[in-house]
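Report on the structure given below.
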Amino acid sequence: MSEVTVADDAVLDVGIQDRVSLPKTGLFGLQHLLALTGIWIFPVLIGATLDLSQQDVSRIVQACFLLTGLVTILQSSRIVRLPIVQGPTAAFFVAILAGAATYDLGTAFGSMVVAGLIFMALSIPVGRWGLFGHIRRFAADPIVFGTLFIIIGAQLASIGLPGWFGTPGTDGYGWSSFWIGLVVVVVIVACMIFGGNTLFKRAAIVTGIVVGSILALIVGVWSPPDIGQADLLGVPTLFPFGFGVAWPVVVLMLLAYFQAGAEAMGMYTLVAGWGGEKLSVNRINRGLFTEFLGSTVGAAFGGIGTTSYPENVGIIRITRIGSRFVTMAAGTFALALAFLPQVSLFIAGLSGAVLSAASTILFGIIAISGVQMLQKVRWDDLNVAVAATSFIVSLGAQWIPEDILAGLPPQVAGLIDTPMMLGILLLLGLHIAVNFGARPMLERRHVAAPTPVHEAS
């Protein structure tokens with residue numbers, strides 16, 4: 001079979017290959033850009049967690065705009081030719097956060113480059129499906145990503161709610177910042193519940209950040225950064241944090257690419273079905289290759305890896321406008337912002353209390369996404385052993401006595417002390433050992449075992 005089966009009935013008023021007027025193209029393109037919450041929040045959270053300067057955070061923001069713009073334009077115009085919008089994904093965010101906390105940012109982004117080169121090779125078609133389709137079954141199982149997302153949510157909770165009070169030692173620290181954070185959460189939840197089919201629902205987190213920032217400015221607990229410190233025009237910096245490679249981080253990045261690729265294939269198929277288009281396997285592989293190439297190049301500039309954003313697919317379904325020229329406009333806007341350092345510096349200087357409040361909801365969504373994934377798992381004793389062991393050991397390792405960790409090599413100690421990294425290694429190792437090793441062996445024994453004969457009493 002050379003094509004993926006998609007739905008026969010198109011659900012779009014404006015087809016994938018159709019154009020709309022220039023004003024509508026710009027308006028709907030801007031709507032897509034606002035839904036890319038990862039650009040607005042992930043770089044700043046990385047900066048807050050790692051205690052980066054605003055200039056360093058702005059470099060990450062700038063690289064994210066570059067990466068998002070380039071890949072979205074390529075996907076919409078020349079590669080898969082579908083209305084696909086790329087944006088920073090949580091999988092890469094947590095991988096970068098874990099890698100940088102254990103080693104440094106240069107090693108995190110360098111390992112992402114190496115993992116990206118591996119996945120570019122795996123997405124080149126070999127035979128009918130290419131190697132990517134064969135290896136996905138080992139790592140893209142719901143038990144792996146579902147349990148990992150719950151571990152991630154549990155670990156990230158420590159940088160969510162505590163940050164509502166602001167930064168100790170600053171003027172805004174205390175209950176005044178907390179109440180602003182509470183308002184942010186209320187606004188986000190209200191948009192999610194009552195937003196209906198409007199942009200307020202799709203951009204709920206951005207809406208909460210805007211409202212919180214205005215309120216923080218009014219009460220005097222936050223002031224915008226001095227954007228005059230940055231040039232009006234400028235290009236992203238190549239390897240702004242240096243370059244390094246650590247194989248534990250490469251493994252974590254490989255899993256992030258797995259998740260991004262699996263999600264992208266689902267989005268391709270869904271959107272193509274809405275437009276009544278045939279989606280060949282080669283077309284999918286071209287899209288994946290471009291996505292992995294973009295993430296690899298973007299990592300070299302300090303950008304967070306991308307995937308096809310479900311929020312933007314939701315916008316397409318709600319508006320019924322599937323024109324790929326609209327998403328191409330969103331990519332063009334993002335690319336233009338990549339060369340405006342003052343915009344990146346402004347985003348980097350957003351209120352920490354406001355972003356912590358917004359991230360609390362975001363991290364909760366990540367954890368519950370894991371719960372949703374685990375609904376697809378067949379919960380027999382073997383799968384319980386895989387998930388339960390990985391979950392409790394990876395979280396419990398945070399409380400290993402300091403004197404024990406001090407006696408280990410720094411790389412090993414950092415790996416053990418980071419739930420996200422230890423969790424993915426345990427999940428992947430146990431999943432392969434149990435479900436691809438022990439399970440087939442036990443099933444063969446069960447089949448070969450003679451059926452007991454019960455004598456009549």
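The values are calculated or read from the model by the stated rules, or taken from the named source; none is laboratory data. What you see is a predicted model, and the numbers here were worked out from it, not measured in a lab. Ideal geometry is used to build each Cβ from the backbone, glycine not excepted, and the neighbour counts take in all protein chains shown. Just the protein is used for accessible areas: all its heavy atoms, side chains included, with ligands, DNA and RNA removed. Shrake-Rupley method; radii C 1.70, N 1.55, O 1.52, S 1.80 Å.
Would you call residue 45 part of a helix (DSSP H, G or I) and more than 27 Å from residue 208 (Cα to Cα)?
no
Given (1) in contact (Cβ under 8 Å) with a residue 24 or more places away in the chain; (2) in contact with a Gly (Cβ under 6 Å, 6 or more places away or on another chain), identify the lone condition not met by residue 182.
Unmet condition: (2).
Against the condition without any contact (Cβ under 8 Å) to a residue 40 or more places away in the chain, surrounded by 17 or more Cβ atoms within 10 Å (Cβ to Cβ) and not assigned by the TED database to the domain that holds residue 141, how does residue 397 come out, does it pass?
For residue 397, the condition - without any contact (Cβ under 8 Å) to a residue 40 or more places away in the chain, surrounded by 17 or more Cβ atoms within 10 Å (Cβ to Cβ) and not assigned by the TED database to the domain that holds residue 141 - is met.
Please determine whether any residue of region 220-241 is under 26 Å from residue 94 (Cα atoms) and within 18 Å of the chain's Cα centre (by Cα).
no
Enumerate the pairs (first residue in region 415-429 and more than 17 Å from residue 107 (Cα to Cα) and open to solvent by less than 10 Å² (accessible area, probe 1.4 Å); second residue anywhere and part of a helix (DSSP H, G or I) and not hydrophobic (A, V, I, L, M, F, W, C)) with beta-carbon separation below 7 Å, excluding pairs fewer than 6 apart on the same chain, so at least 6 apart or on different chains.
419/155; 419/394; 419/398; 423/390; 423/394; 427/147; 427/390
Conditions: (1) in a helix (DSSP H, G or I); (2) touching a residue at least 24 places away in the same chain (Cβ under 8 Å). Residue 265 meets all but one. Number of the miss?
Among (1) in a helix (DSSP H, G or I); (2) touching a residue at least 24 places away in the same chain (Cβ under 8 Å), residue 265 violates only (2).
Given the residues 279, 270, which is the only one that is open to solvent by 20 Å² or more (accessible area, probe 1.4 Å) and either more than 18 Å from the chain's Cα centre (by Cα) or outside the structural domain of residue 60 (by the TED database) (or both)?
Matching residue, one of 279, 270: 270.
Does residue 408 count as among the aliphatic types (A, V, I, L, M), outside any helix (DSSP H, G or I) and not assigned by the TED database to the domain that holds residue 248?
It is true that residue 408 is among the aliphatic types (A, V, I, L, M), outside any helix (DSSP H, G or I) and not assigned by the TED database to the domain that holds residue 248.
Inspect region 84-102 for any residue being in a loop (DSSP other than H, G, I, E, B), at pLDDT 85 or above and either open to solvent by less than 10 Å² (accessible area, probe 1.4 Å) or in the same structural domain as residue 430 (by the TED database) (or both) and give the result as yes or no.
yes
All but one of (1) hydrophobic (A, V, I, L, M, F, W, C); (2) open to solvent by 10 Å² or more (accessible area, probe 1.4 Å); (3) outside any helix (DSSP H, G or I) hold for residue 304; which doesn't?
The single condition residue 304 does not satisfy is (2).
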